[in-house]
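Student: Please see the structure below; I have some questions.
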Amino acid sequence: MDYKSLIREIPDFPKPGIVFYDITTLLKDSQGYQAVIEDFTAHYRNEKISKIVGIESRGFILGAPLAYNLGTGFVPVRKAGKLPADVFEVKYNLEYGASSLAIHRDAVAMEERVLVVDDLLATGGTAAATVDLLRKLGAEIVGCAFMIELRFLQGRQKIEGCSIHSLMTYD
């Protein structure tokens, strides 16, 4: 399927010179959304994954149905202060500031095979922080899956030792 034809490009958002790749137009297309989930499912079907880890918030939209298809659990990685139990937290830098992410301490077991899922790989800071959290928990990272990768931002270089699969790339 030609996923790019279902992505709306919005110039100068959120600031001049930036092109925003809006996935809501793909998500509202039933065939497009189903095809994305099926493509991810086919790619990871034989990887013996036990948990899908979705990054807030669009990683939830992709990760939950993928977890269902693969028969795995789903673990949310959230912004700090959003999870109710004991958490591991990591602070990281963004291109325009700093942020932090958290995961429940009991979300994954030692050496449990997990897949990280999000909609977009841009500069790689959020995905790298998520991988760092999972490594602190002792998880085995099977890979990181993204609907879109902005290759010109070289985000994959920040996610060391992680196999990356992207359905669409923009150079």
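The values are calculated or read from the model by the stated rules, or taken from the named source; none is laboratory data. Given the structure is predicted, the values throughout are model-derived calculations rather than measurements. Note that each Cβ is placed from the backbone with ideal geometry, even for glycine, and that neighbours are counted across all protein chains shown. Calculation scope for accessible area: heavy atoms of the full protein, side chains included, ligands and nucleic acids excluded. Shrake-Rupley method; radii C 1.70, N 1.55, O 1.52, S 1.80 Å.
Student: Might you check whether a residue that is surrounded by 14 or more Cβ atoms within 10 Å (Cβ to Cβ) and either out of contact with any strand residue (DSSP E or B) (no Cβ under 7 Å at 6 or more places or on another chain) or of a type in the set (A, V, I, L, M, F, W, C) (or both) occurs anywhere in segment 9-17?
Tutor: No.
Student: Would you pick out the residues in segment 88-113 that are open to solvent by 40 Å² or more (accessible area, probe 1.4 Å), among the hydrophobic types (A, V, I, L, M, F, W, C) and more than 17 Å from A128 (Cα to Cα)?
Tutor: Across segment 88-113, the qualifying residues are A109, M110.
Student: Quick one: F146 ticks every box in (1) open to solvent by 40 Å² or more (accessible area, probe 1.4 Å); (2) touching a His at 6+ places or on another chain (Cβ under 9 Å); (3) in contact (Cβ under 8 Å) with a residue 12 or more places away in the chain bar one, so which box is it?
Tutor: Every listed condition holds for F146 apart from (1).
Student: Still on this model: Any idea which of (1) outside any strand (DSSP E or B); (2) within 18 Å of the chain's Cα centre (by Cα) is the one P76 doesn't satisfy?
Tutor: Only one criterion is unmet by P76, namely (1).
Student: Please go through segment 40-67 and give me each residue that is surrounded by 17 or more Cβ atoms within 10 Å (Cβ to Cβ) and part of a helix (DSSP H, G or I), ordered by number.
Tutor: F40, Y44, R58, G59, F60, I61, L62, G63, P65, L66, A67, listed by residue number.
Student: Sticking with this structure for a sec: Anything in segment 77-124 that is closer than 21 Å to L66 by Cβ, in contact with a strand residue (DSSP E or B) (Cβ under 8 Å, 6 or more places away or on another chain) and of a type in the set (G, A, S)? List them, or say none.
Tutor: Passing the criteria: A107, A122.
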